[in-house]
Amino acid sequence: MHPAQRRPLIAGNWKMNLTRDGAVALARSVARHAAGACVDVAIFPAFVHIDAVLSALRTDGTEVPVGAQDCSDAPNGAFTGEVSLGMLKDIGCHWVLTGHSERRHVIGETDDIVASKTAAALGAGMTCVLCIGETLDQREGGETDAVNERQLRAALGGISPADMLKLVIAYEPVWAIGTGRTATPDDAQLAHAAVRHVLQDLFGAEMAHRTRILYGGSLKAANAPDLLAKPDIDGGLVGGASLEAGEFGAIIDAAAALAVSA
Ligand code: PGA
């Protein structure tokens, strides 16, 4: 299990799902479940639901970070359809995902774009969950660690140690996202350890040791205990299974049980 200084984080990436009422209800239920848990929990609704979710949690007096799934790297201006970090902060949203594989591989974001968004998010004082991971071809070609290293160096090359304290990494093998296929716990552990090694090279041993590295890719209640038990897996970024309160709650419980027994 991860060392005590890396508090586990279970994050729900809701992608382009739910209605506003559905998002609010799910957020309320997740926040109730997360209250008092000895792990961190965060949720990432669609942009248009963030404000309503934040208001509902404020009314309930519950505290779960509510993040955005993407952001612009520009402060303002003629960028039709984009949402700035300032707009997010203005409504009380202080977390953001960058580099999610669907943005890299479906929308076409390059390493440079991901780097720019990551730097902008951290520069704006947001907590940033940077997603990295290899495609199936890359895995089968034995390139997993090289791809992760390239994506990490591209995104983190210009990041200061102070900003690193607000960065979380999510290793998400692309072939495991939404497919029902997961990396085996041993394969995931190997990839996480290699990621931590790159962090050590970039920022030194202490920073590498304290940075949380989440696993993502068909994480669910049934496989969470084995994956989350690995020493370099510090939580999960959960897509499909985060849309059901019971299933997501069970993943939170699995992380909490491991944290208690560590
Ligand atoms: P999944 O998605 O859990 O549905 O595989 C994970 C993610 O894309 O973050």
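Nothing in this text is a laboratory measurement; each read-out follows from the coordinates by a stated rule. This one's a predicted model, so the numbers in the text were calculated from it and none came from an experiment. All Cβ positions, glycine included, derive from the backbone under ideal geometry; neighbour counts span all protein chains shown.
Distances between placed amide hydrogens fall under 5 Å for residue 168 paired with 128, 129, 130, all partners being 5 or more residues away or on another chain. For the range 112-159, the relative contact order is 49 percent, taking Cα pairs closer than 8 Å that sit 6 or more residues apart in sequence and dividing their mean separation by the residue count.
Over the residues of the chain, the helix contribution to mean residue ellipticity at 222 nm works out to -13500 deg cm²/dmol, using -39500 (n - 2.57) for each DSSP H run of at least 4. Entry note, the chain: relative contact order of 24 percent, from Cα contacts under 8 Å with a spacing of 6+ residues. Tell me the chymotrypsin sites (Phe, Trp or Tyr not before Pro) within the range 46-111 that lie in a loop according to DSSP and have at most 13 other beta-carbon atoms within 10 Å. Filter output for the range 46-111: 79. For the range 97-120, backbone nitrogen atoms closer than 20 Å to the point 7 Å from residue 247 Cα along Cα-to-C-beta are found at 101-102.
If you take the square roots of the eigenvalues of the alpha-carbon gyration tensor of the range 1-147 and sort them as a ≥ b ≥ c, do you get rounded (a/c under 1.5), prolate (a/b over b/c) or oblate? Since a/c reaches 1.5 but b/c is at least a/b, the shape of the range 1-147 is classed as oblate.
Between beta-carbons, use under 13 Å as the cut-off and find the net charge around residue 262, counting Lys and Arg +1, Asp and Glu -1. Residues close to residue 262 contribute a combined charge of +2.
Evaluated at q = 0.08, 0.14, 0.17 Å⁻¹, the base-10 log of the normalised Debye intensity for the chain, with identical point scatterers placed on the Cα atoms, takes the values -0.28, -0.91, -1.41. Rounded to whole numbers, the Karplus 3J(HN,Hα) couplings from phi for the range 214-220 are 8, 9, x, x, 6, 6, 8 Hz, using 6.51 cos²θ - 1.76 cosθ + 1.60 with θ = phi - 60°, and x at Gly and Pro.
Checking the Cα-Cα distances for 117/166; 15/166; 89/166; 117/220; 89/117 against a 20 Å cut-off, the pairs over it are 15/166; 117/220. On the basis of the beta-carbon distance and an R0 of 30 Å, residue 37 and residue 146 show a calculated FRET efficiency of 0.25. Summing charges over neighbours of residue 209, with a neighbour being any other residue whose Cβ is under 12 Å away from its Cβ, gives +1 when K and R count +1 and D and E count -1.
Grab the other residues whose beta carbon is less than 14 angstrom from that of residue 73, score K and R as +1, D and E as -1, and report the net. Mind dumping the intermediate values first?
Working: positive: 103, 117; negative: 70, 82, 109, 111, 112.
Once positives and negatives cancel, what remains is -3.
Would you please classify the overall shape of the range 73-165 from the alpha carbon gyration tensor, given that a ≥ b ≥ c denote the square roots of the eigenvalues, rounded means a/c under 1.5, and beyond that prolate means a/b larger than b/c while oblate covers the rest? Prolate, because a/c is 1.5 or more and a/b exceeds b/c. Among 239-247, 123-131, sorting by the average number of other beta carbon atoms lying within 10 angstrom of each residue, highest first, gives 123-131, 239-247.
Its relative contact order, with pairs defined as Cα atoms under 8 Å and 6+ residues apart, puts the range 145-251 at 29 percent. Loop-resident trypsin sites (Lys or Arg not before Pro) (DSSP state other than H, G, I, E or B) in the range 56-121 with no more than 14 further Cβ atoms inside 10 Å of their Cβ are absent. Close amide-amide hydrogen proximity is noted between residue 235 and 9, 215, each under 5 Å apart and 5 or more residues distant or on a separate chain (H modeled in the peptide plane; Pro and chain starts excluded).
The 3J(HN,Hα) values that the Karplus relation (6.51, -1.76, 1.60; θ = phi - 60°) gives for the range 184-194 are, in residue order, 5, x, 5, 5, 5, 4, 4, 5, 5, 5, 5 Hz. Gly and Pro appear as x.
Computed from the C-beta positions of residue 186 and residue 79 and an R0 of 35 Å, the FRET efficiency is 0.20 to the nearest 0.05. Compared with the alpha-carbon gap, the fully stretched path from residue 165 to residue 106 is longer by 18.3 nm at 0.36 nm per residue.
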